[in-house]
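Enquirer: Got a structure here, written out as structure tokens. Questions coming.
The values are calculated or read from the model by the stated rules, or taken from the named source; none is laboratory data. Here the structure is a predicted model, which is why all the values come from computation and not from measurement. For neighbour counting, all protein chains shown are included, and Cβ atoms are generated from backbone atoms with ideal geometry for every residue, glycine included.
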Amino acid sequence: MPIRYLIAALYVDASVPAQLGATLVSQVDGYGATGEQMDSVSTRHEGPTRPTTSGGGYSPVEVADDGSVIVQLEADHPGFADPSYRERRNAIALLSLEHRPEDPIPVVSYTDQEHGVWRIVSHELSPKHRRHACSAFLDAKESLGLPSDHVPQLSDVTGLLQPLTGFGYQPVAGLAPLREFYSSFGRRTFFSTQYIRHPSVPQYTPEPDIIHEVIGHANQLADPGFAEICFAVGGAVDRTQSKDALGFLSRVFWFTMEFGVVMEDGEPKAYGAGILSSIGELDFFQKASIRPLDIREMGGFEYDITRYQPVLYSIGSLQELHDRLLEFYSSFDDRVYRSLSSTR
Ligand SMILES: [Fe+2]
């Protein structure tokens with residue numbers, strides 16, 4: 001059974017999930033507790049919709065005229081026919097919609113079942129990380145010390161991450177618009193969803209859930225070098241005006257911070273959050289066509305998000321990666337984009 005996956009915040013047109021083709025190895029039984037818990041929680045949004053919530057893209061969050069918050073799931077979403085899961089998604093989306101940046105991050109009372117999903121995925125990812133993650137990610141993961149037995153609150157993630165690199169997490173109900181998502185990096189802020197994938201398929205998500213956001217990105221952001229690169233991304237976005245330049249930048253981000261690999265000990269190791277949060281991608285990425293890192297080529301490469309990434313870009317060392325990406329993001333603007341795109 002294919003696993004589909006989407007790093008939705010990275011797309012200008014985030015409407016198609018990716019098929020990662022991994023095999024399910026376990027499931028979490030039952031889902032009643034979640035629905036029972038959330039039945040008593042209002043899913044009515046009384047205030048204005050926060051600008052960080054997109055009305056479009058995959059699983060868009062919609063606020064009806066009566067204030068009801070509805071997360072629209074595609075018909076092939078694992079939770080589509082599960083009213084308890086739908087209600088849960090609506091309620092968690094409401095928490096983010098009601099949240100104001102100056103307020104404490106809303107607490108999600110995760111159920112035993114949701115903790116179980118986190119536990120399953122964490123335990124399956126750990127040996128794959130040891131085998132396939134680059135040294136900087138592994139060191140950062142150890143420094144951050146995320147729990148593997150329960151879903152952490154975003155406030156907990158911030159509490160662990162900020163002392164290391166200054167980055168903190170803020171909740172978002174659905175897809176963050178591309179410009180806002182990247183721009184927040186310049187404030188050392190990462191917008192993150194709080195929901196977790198459907199328990200019937202713990203290895204599968206058609207959208208970026210908290211497992212991707214935290215296990216993939218927080219571990220990455222715990223490394224000072226990667227955090228510095230992401231911080232520079234925020235500045236680059238703020239210097240661009242054109243949608244095309246933003247698209248170029250997002251594709252470079254895709255092939256680096258989401259799906260990048262670096263050579264270590266003579267073999268490609270993953271540093272991209274999209275690989276490192278996906279059981280399927282971790283099994284597949286070494287079979288991809290791995291090309292030398294090329295900013296111009298990556299920025300113009302129209303990837304297919306409906307499958308495992310068949311083309312990846314690698315570089316010889318973490319230091320070289322850091323230097324190249326920091327140089328690119330620190331100087332990128334509309335003028336640089338025009339120069340790069342005109343010579344493609
Ligand atoms: Fe991501």
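Enquirer: Just for the range 201-230: of the residues that are polar (S, T, N, Q) and modelled with pLDDT under 95, which one is farthest from the chain's Cα centre (by Cα)?
Expert: 203
Enquirer: Another question about this same structure. Evaluate the range 124-145: report whether one residue or more is of a type outside the set (Lys, Arg), part of a loop (DSSP other than H, G, I, E, B) and within 16 Å of the ligand (Cβ to nearest atom).
Expert: For the range 124-145, residues of a type outside the set (Lys, Arg), part of a loop (DSSP other than H, G, I, E, B) and within 16 Å of the ligand (Cβ to nearest atom): absent.
Enquirer: Being out of contact with any strand residue (DSSP E or B) (no Cβ under 9 Å at 6 or more places or on another chain) and either within 12 Å of the ligand (Cβ to nearest atom) or outside any helix (DSSP H, G or I) (or both) is the filter here; which residues of the range 234-260 pass it?
Expert: Those that are out of contact with any strand residue (DSSP E or B) (no Cβ under 9 Å at 6 or more places or on another chain) and either within 12 Å of the ligand (Cβ to nearest atom) or outside any helix (DSSP H, G or I) (or both): 239, 240, 241, 242, 250, 253, 254, 257, 258.
Enquirer: Hey, another quick one. Within the range 113-164, work out how many residues are within 30 Å of residue 320 (Cβ to Cβ) and either touching a Phe, Trp or Tyr at 6+ places or on another chain (Cβ under 9 Å) or not hydrophobic (A, V, I, L, M, F, W, C) (or both).
Expert: Matching residues across the range 113-164 total 22.
Enquirer: Still on this structure, please answer the following. Can you go through 229, 215 and tell me which one is closer than 21 Å to residue 275 by Cβ, within 13 Å of the ligand (Cβ to nearest atom) and either of a type in the set (D, E, K, R) or not in a loop (DSSP other than H, G, I, E, B) (or both)?
Expert: Within the list 229, 215, the selection yields 215.
Enquirer: If residue 200 passes every condition in (1) of a type in the set (Ser, Thr, Tyr); (2) more than 27 Å from residue 149 (Cβ to Cβ); (3) more than 16 Å from the ligand (Cβ to nearest atom) but one, which one does it miss?
Expert: (2)
Enquirer: Applying the selection to the range 295-314, what residues are assigned to a helix (DSSP H, G or I) and surrounded by fewer than 16 Cβ atoms within 10 Å (Cβ to Cβ)?
Expert: Listed by number, the list holds a single entry, 296.
Enquirer: Can you name the number of the only condition in (1) closer than 30 Å to residue 336 by Cα; (2) not in a loop (DSSP other than H, G, I, E, B) that residue 281 fails?
Expert: Failed condition: (1).
Enquirer: Can I ask one more? Given the options 151, 107, 117, name the one that is crowded, with 21+ Cβ neighbours inside 10 Å and not in a helix (DSSP H, G or I). Full working, then the answer.
Expert: Numbers: 107 fails: crowded, with 21+ Cβ neighbours inside 10 Å; 117 fails: not in a helix (DSSP H, G or I).
Testing whether each residue is crowded, with 21+ Cβ neighbours inside 10 Å and not in a helix (DSSP H, G or I) leaves just 151.
Enquirer: Quickly run through the range 265-292 and pick out the residues that are more than 16 Å from the ligand (Cβ to nearest atom) and either surrounded by 22 or more Cβ atoms within 10 Å (Cβ to Cβ) or within 13 Å of residue 215 (Cβ to Cβ) (or both). Please lay out each step first, then the result.
Expert: The initial filter retains those residues of the range 265-292 that are more than 16 Å from the ligand (Cβ to nearest atom), namely 265-269, 283-284, 286-292.
Listed by number, the list holds a single entry, 269.
Enquirer: Report yes if some residue within the range 166-186 is over 18 Å from the mean Cα position of the chain (by Cα), within 18 Å of residue 223 (Cβ to Cβ) and not basic (Lys, Arg); otherwise report no.
Expert: Of all residues in the range 166-186, those over 18 Å from the mean Cα position of the chain (by Cα) come to 166.
If we keep only those that are within 18 Å of residue 223 (Cβ to Cβ) as well, we get 166.
Now drop any that are not not basic (Lys, Arg), which leaves 166.
Scanning the range 166-186, I find at least one residue that is over 18 Å from the mean Cα position of the chain (by Cα), within 18 Å of residue 223 (Cβ to Cβ) and not basic (Lys, Arg), so the answer is yes.
Enquirer: Regarding residue 135, is this residue surrounded by fewer than 17 Cβ atoms within 10 Å (Cβ to Cβ) and of a type in the set (Ser, Thr, Tyr)? Write out each step before concluding.
Expert: Values: surrounded by fewer than 17 Cβ atoms within 10 Å (Cβ to Cβ): yes; of a type in the set (Ser, Thr, Tyr): yes.
For residue 135, the condition - surrounded by fewer than 17 Cβ atoms within 10 Å (Cβ to Cβ) and of a type in the set (Ser, Thr, Tyr) - is met.
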